[in-house]
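The values are calculated or read from the model by the stated rules, or taken from the named source; none is laboratory data. Just so you know, these numbers come straight off a predicted model, no measurement behind them. When we count neighbours, we look across all protein chains shown, and the Cβ atoms used for this are built from the backbone with ideal geometry, even at glycine. Ligands, DNA and RNA are excluded from the accessible area calculation, which covers all protein heavy atoms including side chains. Shrake-Rupley method; radii C 1.70, N 1.55, O 1.52, S 1.80 Å.
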Amino acid sequence: MNELVFCTVISRFRLYQAIAMLCSLQEVLKDPVLYVLCVDEETHRLISRMGWQRIRLLHLCELRHEALAQVRKNRRMNEYCWTLKPLLIEAVFSRDPKIDRVTYVDADLFFFSDPSVIFQSQPDCSVLLSRGDIVIPSLAPENKARLQSLLGRYNSGFISFKRDETGLDCLRWWKNRCLESCVSKPEAGLFGDQKYLDDMPARFPNVCEIRTPGVNIGHWNRAQYQYSIVDGKVYAGANQLICYHFSGFRVLRGNRIIMIHEQSAADLPFFYGIYIHILQNVIHNISRIDPGFDGYSDAQDLERKESDKK
């Protein structure tokens, strides 16, 4: 199967960003296959009404794991969604034995250019991890090293598994760890689904760091690049920006968009404004499709921002 297969988990509080992400991926790729796991009925109903041909919707019941009901009772929504990542990837593999590779992408990613080069560059890697190096000029070196240790070397917003023995073994191991615990307690060595990624290269062979530049850049390392547009393409330094992780965006009532990780708008890359404009268009279009849909973040969600790793 030569098609690129992606998947994501969406709740109604991340649907606006997810729509932007899915549209961006379909814009830069000719025929991606997109599996979407909706964790609530509102999200499933709305995406179903949009009539996308390349999107395959999944219900939670299709994950078929006996522990999920209990997990949902004991975890907050963000923790629950983190837990679902490896289970979704496993379910996608089970759906079609011809699928060779499945790539998970967070709902708050946005694609600026074709990600195919990532897989063409490292076709034999069983697992592909994206670095989450912290590059924040205002942080002292010792504080940066401590923060990196707490949050992990990799970011789980973009992770890819190949259907081979190592890839599937690693995926099962990650799934079991997430089912055991998916809380955000960095001081205890726990950071949702993400901190487990640090152990993968030592536990499993053929786990690779993505060599392609411009992948999964976010607020944690954007300061190391200068951004520009050349021939209509966005560049991070000398390389095309493939996907950016717009972590910490929240849509509040009144269509107000805030960024909980950004201290000042003065030094933000120019494409932040483009992304906000796209989100505003998505919100407007969704209100026309389903006027009763409520995807706004609430005050309780914002109070949890310090434990929200995405």
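In this structure the amide hydrogen of Lys185, modeled in the peptide plane, comes within under 5 Å of the amide hydrogens of Leu190, Phe191, Gly192, none closer than 5 places in sequence on its chain. Karplus-derived 3J(HN,Hα) values for the range 76-88, using 6.51 cos²θ - 1.76 cosθ + 1.60 with θ = phi - 60°, are 5, 4, 5, 5, 5, 5, 4, 4, 6, 3, x, 5, 5 Hz; glycine and proline are entered as x.
With all protein chains present, how much of the accessible area of the chain (probe radius 1.4 Å) comes from carbon and sulfur, to the nearest whole percent?
48
State, to one decimal in nm², a quarter of the convex hull surface area for the C-alpha atoms of the range 153-213, i.e. the direction-averaged projected area. For the range 153-213, the mean projected area of the Cα convex hull comes to 4.6 nm². When restricted to Cα atoms, the chain yields an Rg and a Dmax of 18.4, 52 Å, respectively. Note that the chain presents 45 Å² accessible area per residue, ligands and nucleic acids not counted, probe 1.4 Å.
For Val230 and Gln53, the difference between the fully extended length at 0.36 nm per residue and the C-alpha to C-alpha distance is 60.5 nm.
Listed cross-link partners Lys98/Lys175; Lys30/Lys162; Lys30/Lys73 are compared with a 31 Å cut-off, the Cα-Cα value being larger for Lys30/Lys73.
Using θ = phi - 60° in the Karplus curve 6.51 cos²θ - 1.76 cosθ + 1.60, the 3J(HN,Hα) couplings for the range 61-67 round to 5, 6, 6, 6, 10, 5, 7 Hz; x is entered for Gly and Pro.
Annotation: peptides 134-146, 204-216, 97-109, 152-164, ranked by per-residue average of other Cβ atoms within 10 Å with the highest first, follow the order 152-164, 97-109, 204-216, 134-146. Looking at the range 197-297, the chymotrypsin sites (Phe, Trp or Tyr not before Pro) that sit in a DSSP loop and have at most 13 other Cβ atoms within 10 Å of their own Cβ are Phe270.
Evaluated at 10 °C with a viscosity of 1.306 mPa s, what Stokes-Einstein diffusion coefficient in µm²/s does the range 125-177 have when Rh comes from the Kirkwood expression over alpha-carbon pairs? My calculation gives 124 µm²/s for D.
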